[in-house]
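Enquirer: Dropping the structure in here first, questions after.
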Amino acid sequence: MSDPRIIVALDYSDAQPALELVARLEPALCRLKVGIELFTAARSRLIEQIMQRGFEIFLDLKFHDIPNTTAQACKVAAELGVWMVNVHALGGRKMMEAAREAMSLYAQSPKLIAVTLLTSMAQEDLADLGIAAAPADMVLRLARLARDSGLDGVVCSAWEAALLRQHCGSEFCLVTPGIRPADAVADDQSRIMTPCAALDQGADYLVIGRPITRAADPLQALQDIVKQIKFESKYP
Ligand code: C5P
(Lines give C-alpha, C1' and ligand atoms only; values in the text may rest on other atoms or scores of the structure.)
Protein backbone atom coordinates (compact mmCIF):
# COMPACT_ATOMS: atom_id res chain seq x y z
CA MET A 1 0.00 0.00 0.00
CA SER A 2 1.18 3.54 -0.72
CA ASP A 3 2.35 5.74 2.12
CA PRO A 4 1.34 9.31 1.23
CA ARG A 5 3.54 11.93 2.89
CA ILE A 6 0.90 14.62 2.95
CA ILE A 7 -1.74 14.92 5.66
CA VAL A 8 -4.39 17.48 4.70
CA ALA A 9 -5.71 19.39 7.74
CA LEU A 10 -9.52 19.49 7.70
CA ASP A 11 -9.91 22.67 9.74
CA TYR A 12 -13.67 23.16 9.49
CA SER A 13 -16.36 23.75 12.10
CA ASP A 14 -18.94 21.68 10.27
CA ALA A 15 -19.08 18.29 8.54
CA GLN A 16 -20.47 19.53 5.24
CA PRO A 17 -17.54 21.60 3.90
CA ALA A 18 -15.18 18.93 5.19
CA LEU A 19 -17.00 16.22 3.23
CA GLU A 20 -17.15 18.45 0.13
CA LEU A 21 -13.38 18.87 0.26
CA VAL A 22 -12.84 15.15 0.91
CA ALA A 23 -14.92 14.35 -2.20
CA ARG A 24 -12.41 16.35 -4.26
CA LEU A 25 -9.27 14.63 -2.93
CA GLU A 26 -7.73 11.21 -3.55
CA PRO A 27 -6.74 8.74 -0.81
CA ALA A 28 -3.71 7.58 -2.81
CA LEU A 29 -2.24 11.09 -2.52
CA CYS A 30 -2.94 12.11 1.07
CA ARG A 31 -4.20 11.29 4.51
CA LEU A 32 -6.55 13.60 6.42
CA LYS A 33 -6.26 15.26 9.82
CA VAL A 34 -9.34 15.79 11.96
CA GLY A 35 -8.74 18.08 14.94
CA ILE A 36 -10.74 19.28 17.92
CA GLU A 37 -12.83 21.82 16.00
CA LEU A 38 -14.23 19.44 13.40
CA PHE A 39 -14.44 16.50 15.78
CA THR A 40 -16.41 18.56 18.31
CA ALA A 41 -18.83 19.54 15.56
CA ALA A 42 -19.16 16.26 13.70
CA ARG A 43 -18.02 13.46 16.04
CA SER A 44 -17.06 9.94 15.12
CA ARG A 45 -19.76 9.56 12.46
CA LEU A 46 -17.72 11.86 10.24
CA ILE A 47 -14.58 9.80 10.85
CA GLU A 48 -16.46 6.72 9.64
CA GLN A 49 -17.78 8.56 6.58
CA ILE A 50 -14.31 9.75 5.62
CA MET A 51 -12.80 6.31 6.15
CA GLN A 52 -15.51 4.77 3.95
CA ARG A 53 -14.10 6.89 1.16
CA GLY A 54 -10.76 5.15 1.56
CA PHE A 55 -8.83 7.83 3.49
CA GLU A 56 -6.69 7.18 6.53
CA ILE A 57 -7.18 9.57 9.44
CA PHE A 58 -4.87 11.35 11.83
CA LEU A 59 -7.15 12.01 14.82
CA ASP A 60 -5.52 15.15 16.24
CA LEU A 61 -7.32 15.44 19.59
CA LYS A 62 -4.16 15.83 21.73
CA PHE A 63 -5.32 13.74 24.68
CA HIS A 64 -4.01 14.98 28.05
CA ASP A 65 -5.57 13.43 31.16
CA ILE A 66 -4.75 10.92 33.88
CA PRO A 67 -3.16 7.73 32.52
CA ASN A 68 -6.30 5.56 32.72
CA THR A 69 -8.58 8.09 31.01
CA THR A 70 -6.05 8.80 28.28
CA ALA A 71 -5.52 5.09 27.68
CA GLN A 72 -9.28 4.53 27.40
CA ALA A 73 -9.61 7.41 24.92
CA CYS A 74 -6.78 5.91 22.86
CA LYS A 75 -8.60 2.58 22.81
CA VAL A 76 -11.73 4.25 21.45
CA ALA A 77 -9.61 5.85 18.73
CA ALA A 78 -8.07 2.47 17.91
CA GLU A 79 -11.52 0.91 17.69
CA LEU A 80 -12.60 3.64 15.31
CA GLY A 81 -9.76 2.43 13.10
CA VAL A 82 -7.84 5.69 12.73
CA TRP A 83 -4.30 5.63 11.35
CA MET A 84 -2.71 8.02 13.86
CA VAL A 85 -3.66 9.54 17.21
CA ASN A 86 -1.84 11.91 19.55
CA VAL A 87 -1.40 12.88 23.20
CA HIS A 88 0.38 15.75 24.96
CA ALA A 89 3.88 14.76 26.09
CA LEU A 90 3.32 17.13 29.03
CA GLY A 91 0.94 14.46 30.37
CA GLY A 92 4.12 12.68 31.41
CA ARG A 93 5.72 9.27 31.18
CA LYS A 94 3.03 7.31 33.04
CA MET A 95 0.30 8.73 30.83
CA MET A 96 2.21 8.00 27.62
CA GLU A 97 3.13 4.49 28.74
CA ALA A 98 -0.51 3.76 29.60
CA ALA A 99 -1.58 5.01 26.17
CA ARG A 100 1.10 2.87 24.50
CA GLU A 101 0.06 -0.21 26.42
CA ALA A 102 -3.62 0.29 25.59
CA MET A 103 -2.83 0.59 21.89
CA SER A 104 -0.61 -2.47 21.83
CA LEU A 105 -3.70 -4.64 22.38
CA TYR A 106 -4.83 -3.92 18.82
CA ALA A 107 -3.54 -5.91 15.89
CA GLN A 108 -3.74 -2.81 13.68
CA SER A 109 -2.89 -0.25 16.31
CA PRO A 110 -2.79 3.40 15.18
CA LYS A 111 0.51 5.23 15.25
CA LEU A 112 0.72 6.98 18.61
CA ILE A 113 2.55 10.29 18.60
CA ALA A 114 2.98 13.18 21.03
CA VAL A 115 2.72 16.93 20.87
CA THR A 116 5.82 18.30 22.60
CA LEU A 117 5.35 22.00 23.26
CA LEU A 118 2.65 23.88 21.40
CA THR A 119 4.46 26.17 18.98
CA SER A 120 2.39 29.04 20.37
CA MET A 121 4.31 28.71 23.67
CA ALA A 122 7.14 31.24 23.93
CA GLN A 123 9.73 31.61 26.69
CA GLU A 124 7.47 33.89 28.76
CA ASP A 125 4.60 31.39 28.55
CA LEU A 126 6.89 28.69 29.96
CA ALA A 127 8.00 31.10 32.69
CA ASP A 128 4.32 31.61 33.61
CA LEU A 129 4.16 27.85 34.21
CA GLY A 130 7.30 27.90 36.36
CA ILE A 131 9.41 26.30 33.62
CA ALA A 132 12.82 27.95 33.25
CA ALA A 133 13.99 25.92 30.22
CA ALA A 134 14.12 27.43 26.73
CA PRO A 135 11.34 26.22 24.39
CA ALA A 136 13.81 24.39 22.11
CA ASP A 137 15.29 22.50 25.06
CA MET A 138 11.81 21.57 26.27
CA VAL A 139 10.88 20.28 22.81
CA LEU A 140 13.92 17.99 22.76
CA ARG A 141 13.35 16.85 26.32
CA LEU A 142 9.69 16.04 25.66
CA ALA A 143 10.47 14.29 22.36
CA ARG A 144 12.98 12.04 24.14
CA LEU A 145 10.46 11.36 26.89
CA ALA A 146 7.88 10.41 24.26
CA ARG A 147 10.35 8.06 22.58
CA ASP A 148 11.41 6.51 25.93
CA SER A 149 7.73 6.00 26.79
CA GLY A 150 7.36 3.90 23.65
CA LEU A 151 5.60 6.40 21.41
CA ASP A 152 6.07 6.29 17.67
CA GLY A 153 6.96 9.94 17.15
CA VAL A 154 6.06 13.58 17.68
CA VAL A 155 4.50 16.56 15.97
CA CYS A 156 7.19 19.20 15.52
CA SER A 157 8.17 22.22 13.49
CA ALA A 158 10.16 21.35 10.37
CA TRP A 159 12.81 23.66 11.84
CA GLU A 160 13.25 21.19 14.71
CA ALA A 161 13.13 18.06 12.56
CA ALA A 162 16.86 17.65 11.93
CA LEU A 163 17.71 17.99 15.63
CA LEU A 164 14.99 15.55 16.69
CA ARG A 165 15.98 13.10 13.97
CA GLN A 166 19.56 13.23 15.25
CA HIS A 167 18.57 12.67 18.90
CA CYS A 168 15.58 10.37 18.56
CA GLY A 169 16.74 8.02 15.81
CA SER A 170 15.78 7.11 12.28
CA GLU A 171 12.64 5.16 13.25
CA PHE A 172 11.06 8.02 15.20
CA CYS A 173 8.15 9.47 13.25
CA LEU A 174 8.26 13.26 12.71
CA VAL A 175 5.04 14.97 11.65
CA THR A 176 5.49 18.61 10.66
CA PRO A 177 2.90 21.36 10.17
CA GLY A 178 3.80 24.90 9.03
CA ILE A 179 4.48 23.69 5.48
CA ARG A 180 4.10 26.04 2.53
CA PRO A 181 4.89 25.44 -1.16
CA ALA A 182 7.36 28.04 -2.42
CA ASP A 183 4.65 30.10 -4.14
CA ALA A 184 2.07 29.95 -1.31
CA VAL A 185 1.17 32.64 1.22
CA ALA A 186 2.28 32.04 4.82
CA ASP A 187 -1.15 32.84 6.37
CA ASP A 188 -0.59 33.05 10.14
CA GLN A 189 2.31 30.57 10.17
CA SER A 190 5.62 32.19 11.11
CA ARG A 191 8.28 29.47 10.75
CA ILE A 192 7.31 27.90 7.44
CA MET A 193 9.24 25.48 5.23
CA THR A 194 8.62 24.04 1.77
CA PRO A 195 7.54 20.38 1.47
CA CYS A 196 10.86 19.19 -0.02
CA ALA A 197 12.95 21.15 2.49
CA ALA A 198 10.95 19.68 5.39
CA LEU A 199 11.51 16.14 4.06
CA ASP A 200 15.20 16.97 3.65
CA GLN A 201 15.28 17.97 7.30
CA GLY A 202 13.98 14.54 8.26
CA ALA A 203 10.20 14.99 8.40
CA ASP A 204 8.18 11.84 7.62
CA TYR A 205 4.75 13.41 7.17
CA LEU A 206 3.73 16.95 6.24
CA VAL A 207 0.55 18.50 7.64
CA ILE A 208 -0.78 20.97 5.08
CA GLY A 209 -4.05 22.86 5.42
CA ARG A 210 -4.93 26.10 3.67
CA PRO A 211 -2.58 25.80 0.66
CA ILE A 212 -4.77 22.82 -0.33
CA THR A 213 -8.14 23.40 1.36
CA ARG A 214 -8.43 27.02 0.17
CA ALA A 215 -7.06 26.45 -3.31
CA ALA A 216 -9.46 27.02 -6.21
CA ASP A 217 -8.67 23.43 -7.23
CA PRO A 218 -7.65 21.49 -4.10
CA LEU A 219 -6.82 18.28 -5.99
CA GLN A 220 -4.56 20.17 -8.39
CA ALA A 221 -2.82 21.89 -5.45
CA LEU A 222 -2.29 18.48 -3.82
CA GLN A 223 -1.07 16.91 -7.06
CA ASP A 224 1.38 19.78 -7.58
CA ILE A 225 2.93 19.21 -4.15
CA VAL A 226 3.09 15.44 -4.66
CA LYS A 227 4.77 15.99 -8.04
CA GLN A 228 7.28 18.33 -6.47
CA ILE A 229 8.08 15.74 -3.80
CA LYS A 230 8.40 12.92 -6.37
CA PHE A 231 10.71 15.10 -8.42
CA GLU A 232 13.14 14.72 -5.53
CA SER A 233 13.71 11.01 -6.18
CA LYS A 234 14.72 10.36 -2.56
CA TYR A 235 11.02 10.44 -1.65
CA PRO A 236 9.14 7.73 -3.56
O1 C5P B 1 -3.53 25.77 7.10
P2 C5P B 1 -2.23 25.29 7.68
O3 C5P B 1 -1.37 24.55 6.71
O4 C5P B 1 -1.49 26.40 8.40
O5 C5P B 1 -2.70 24.23 8.79
C6 C5P B 1 -1.78 23.62 9.65
C7 C5P B 1 -2.46 22.63 10.53
O8 C5P B 1 -1.49 22.13 11.44
C9 C5P B 1 -3.60 23.20 11.37
O10 C5P B 1 -4.54 22.15 11.60
C11 C5P B 1 -2.91 23.56 12.66
O12 C5P B 1 -3.76 23.54 13.77
C13 C5P B 1 -1.86 22.44 12.76
N14 C5P B 1 -0.70 22.77 13.58
C15 C5P B 1 0.11 23.82 13.33
N16 C5P B 1 1.19 24.08 14.12
C17 C5P B 1 1.45 23.28 15.16
C18 C5P B 1 0.65 22.20 15.43
C19 C5P B 1 -0.45 21.96 14.61
O20 C5P B 1 -0.09 24.55 12.37
N21 C5P B 1 2.50 23.52 15.90
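The values are calculated or read from the model by the stated rules, or taken from the named source; none is laboratory data. Remember, predicted model here, so these are calculated numbers, not experimental data. When we count neighbours, we look across all protein chains shown, and the Cβ atoms used for this are built from the backbone with ideal geometry, even at glycine. Each accessible area value is taken on the protein alone, full model and side chains, heavy atoms only, with ligands, DNA and RNA left out. Shrake-Rupley method; radii C 1.70, N 1.55, O 1.52, S 1.80 Å.
Enquirer: Quick one: which residues, 5 or more positions from residue 7 or on another chain, have an amide H under 5 Å from its amide H? H modelled 1.01 Å from N in the peptide plane, none for Pro or chain starts.
Expert: So residue 7 has HN proximity to 31, 206, 207, 208.
Enquirer: Translational diffusion coefficient, Stokes-Einstein: compute it for the chain using the Kirkwood radius over C-alpha pairs as Rh, at 25 °C and 0.890 mPa s, and state it as an integer in µm² s⁻¹.
Expert: Translational diffusion coefficient: 136 µm²/s.
Enquirer: I would also like to ask the following. Among 40, 211, 145, whose Cα projects farthest towards the positive end of the dipole of the chain, with charges put on the beta-carbon of Lys, Arg (+1) and Asp, Glu (-1)?
Expert: Most positive-ward Cα: 145.
Enquirer: Continuing with the same structure: Report, by chain and number, residues whose modeled amide H sits under 5 Å from the one on residue 115, excluding near sequence neighbours (fewer than 5 apart, same chain).
Expert: 87, 88, 89, 155
Enquirer: Another question about this same structure. Counting Lys and Arg as +1 and Asp and Glu as -1, each charge on the Cβ, what is the dipole of the chain about the Cα centre in debye, to the nearest 20?
Expert: In total the dipole reaches around 400 debye.
Enquirer: Given charges of +1 on the Cβ of Lys and Arg and -1 on the Cβ of Asp and Glu, with all other atoms neutral, how large is the dipole of segment 1-108 about its Cα centre, in debye to the nearest 20?
Expert: Roughly 180 debye, rounded to the nearest 20.
Enquirer: Heavy-atom accessible area per residue, the chain, 1.4 Å probe: how many Å²?
Expert: 49
Enquirer: If I compute solvent accessible area with a 1.4 Å probe over the protein chains, what percent of it on segment 6-232 is carbon and sulfur?
Expert: Whole-percent figure for carbon plus sulfur exposure: 50.
Enquirer: Would you kindly state how much longer the chain becomes between residue 128 and residue 68 on full extension, computed as 0.36 nm times their sequence separation minus their alpha carbon distance, in nm to one decimal?
Expert: Full extension of this stretch gives 18.8 nm more.
Enquirer: Cut-off 10 angstrom, C-alpha nodes, Gaussian network model of the chain. Which of 175, 22, 154 fluctuates the most?
Expert: The residue that fluctuates most here is 22.
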